[in-house]
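In what follows, a single structure is set out as structure tokens and then discussed.
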Amino acid sequence: MNVIDIIGIGQSKKDLTQNHLDIINRCDVIIAGKRHLALFDLTGIEKIPIKSSIKSIVNIIKAKMNTNKIVVLASGDPLFYGIGSTLIHYFDKQQINIHSNISSVSAAFAAIKEPWHDAKIISLHGKQNQPFIFATLARENKVAFLTDPNKNPQYIAAQLLRNNLLEFEFCVLENIGEKKKERVTWFENPELIKKQNFSQPNIVILKKGKEEKINFQTHIGMNDSEFKHSKGLITKSEIRSVTLSKLKLIKRDHLLWDIGSGSGSLGIEAALQIPEGYVYAMEKNQERIVDIAYNIKKFNCPNIKVLNTEFPEGIDDKIKEIPDRIFIGGGGRQLEQIIKFCCEKLAPSGIIVINTVVVQNFQSALKVLKELEFDPKAVHIQIARSKAMPFGDRFEALNPVWIISGSKPGHANN
């Protein structure tokens, strides 16, 4: 049985080494896309074009490999979103030789003279099982997109605008490797992309300026001073940590309602845990909305949507998605009605967490969750923080807080 040679063609035929060319000249069958087959004028060698069905190519290789030397040509590097990545799932590794070459992304970064070891690489090419969540780019500084005719530069620009991701310089690189056709164009604003036409193939690179790089030193229970807040209206650091543990944000795409958001501190720390999900921060006080907006910008959390509303007024019209998690940090005299409304909206097996400092609200929350068979659990937390004195330290107590949590009956995979 012959070994299959999968050769990366780089950006053009000139990227092939003499060793690559010798392997191609000695083969019996060459398999490649039509554009690559046209590069070789070889006599006595069977040429098989790669079409839409990879399974048919696999069957051809299996039928011919016993008696033929087979070469498969790949664009760029075979294992960088290439056919090599697919074929290794159909053949034993001992049956394959991989010949690496320059990938399209490495060539693109070379063209703009930028290092790319710190870049996030995203393929939009072909069918994807899950659509890419553009909000996750908020905490990235350098991104490269492999595009296709539908998910093209215009599509990427539209998604950036939709998610308010305006800090990136936008670069489109067309026909990289083909010197006569190669074109590199920078845009300061994704709005400028809409009326442009770009040839295929192309790559998009997004890059933030040095002054806009994100500080990644974020964690659960950040100091209260990290957040802008008014009159101490913030879920304190220690309480925030315990509350988030009760919410059990185990999936990156959870949807959370943060009711009575205050400064937005809990919603922001939650948003950092669910970069592919969303947080709806609901706050009735307009002054606190200003604080939430400031903190969202500071921590770069575009996956938070702020609603200035007296919950649950108008929520059915404003939010169509079913929440996986609900946190209630405010509710006042209407807490019982708010809990009932939330429990009805929550996804099966979803989790609700209620924080309160009022004894009567603690009793109401526990009663409602028991009635609805949420199997509630409660903890009572008293925090005392050390404070320096002239000749030592003392502890200063914060208001005690009840944290009540429960899970909705059901079998959804949350």
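Quick note: the coordinates plus some simple rules give every number you see, no bench work behind them. Fair warning: this is a prediction, and the values are worked out from it, not measured in the lab. Neighbour counts run over all protein chains shown; Cβ positions are idealised from the backbone, glycine included.
General observations
- Backbone HN-Hα couplings from phi across region 225-234 [Karplus 6.51/-1.76/1.60, Hz, Gly and Pro as x]: 5, 6, 10, 6, 8, 10, 6, x, 7, 8
- Protection proxy ranking for 31-37, 72-78, using the average of other Cβ atoms within 10 Å per residue and placing the highest first: 72-78, 31-37.
- Cα-based shape type of region 224-407, given that a ≥ b ≥ c are square roots of the gyration tensor eigenvalues and the cut on a/c is 1.5: oblate
- Computed from backbone phi with θ = phi - 60° and the Karplus coefficients 6.51, -1.76 and 1.60, the 3J(HN,Hα) list for region 77-86 is 9, x, 9, 9, 6, x, 5, x, 4, 7 Hz; x is used for glycine and proline.
- Note that region 187-194 has calculated 3J(HN,Hα) couplings of 10, 7, 9, x, 4, 6, 6, 3 Hz, one per residue in order, obtained from phi through the Karplus relation 6.51 cos²θ - 1.76 cosθ + 1.60 (θ = phi - 60°); glycine and proline are x.
- Members of Lys251/Lys367; Lys236/Lys377; Lys151/Lys207 lying beyond 27 Å, as alpha-carbon distances in this model show: Lys251/Lys367
- Region 36-83 and region 370-409 have Cα centres separated by 65 Å.
- Annotation: amide H-H contacts under 5 Å for Leu307 (H modelled 1.01 Å from N, sequence separation of 5 or more, or interchain): Ala281, Met282, Glu283.
- The charge dipole of the chain, taken about its Cα centre with unit charges on the Cβ atoms of Lys, Arg (+1), Asp and Glu (-1) only, comes to about 520 debye.
- In a simple Cβ point-charge model (Lys, Arg +1; Asp, Glu -1; nothing else charged), region 106-212 has a dipole of about 260 debye relative to its Cα centre.
- Most mobile listed residue (Ile121, Ile328, Ile203) in the chain, GNM with C-alpha springs under 10 Å: Ile121
- Net charge of the neighbourhood of Arg252, taken over other residues with C-beta under 12 Å away and scored Lys/Arg +1, Asp/Glu -1, is -2.
- Projected onto their three principal axes, the Cα atoms of the chain cover extents of 88, 51, 45 Å, largest first.
- Taking the DSSP beta bridges with both ends in region 264-414, the antiparallel portion is around 65 percent.
- Springs join every pair of Cα atoms under 10 Å in this Gaussian network model of the chain, and among Phe145, Phe327, Phe362 the largest mean-square fluctuation is at Phe362.
- Amide H contacts under 5 Å for Val72, placed H, 5+ residues apart: Asp5, Ile6, Ile7, Ile31
- Sorting 259-268, 179-188 by their mean Cβ neighbour count within 10 Å, with the most densely packed peptide first, gives 259-268, 179-188.
- Within-14-Å neighbourhood charge of Pro376 [Cβ basis; K, R +1; D, E -1]: +2
- Gln200 paired with Ile133, simple spin-label distance in nm, labels 7 Å along Cα-to-beta-carbon: 2.9 nm
- Sequence of Ser52, Ser405 once ranked by neighbouring C-beta atoms within 10 Å, starting from the fewest: Ser52, Ser405
- Modelled this way, with points 7 Å down the Cα-to-C-beta line, the labels at Val3 and Gln334 are 7.2 nm from one another.
- Between Asn164 and Ile383, residue separation times 0.36 nm minus the direct Cα-Cα distance comes to 75.0 nm.
- Mean Cβ neighbour count within 10 Å, used as a protection proxy, ranking 376-384, 231-239, 349-357 highest first: 349-357, 231-239, 376-384
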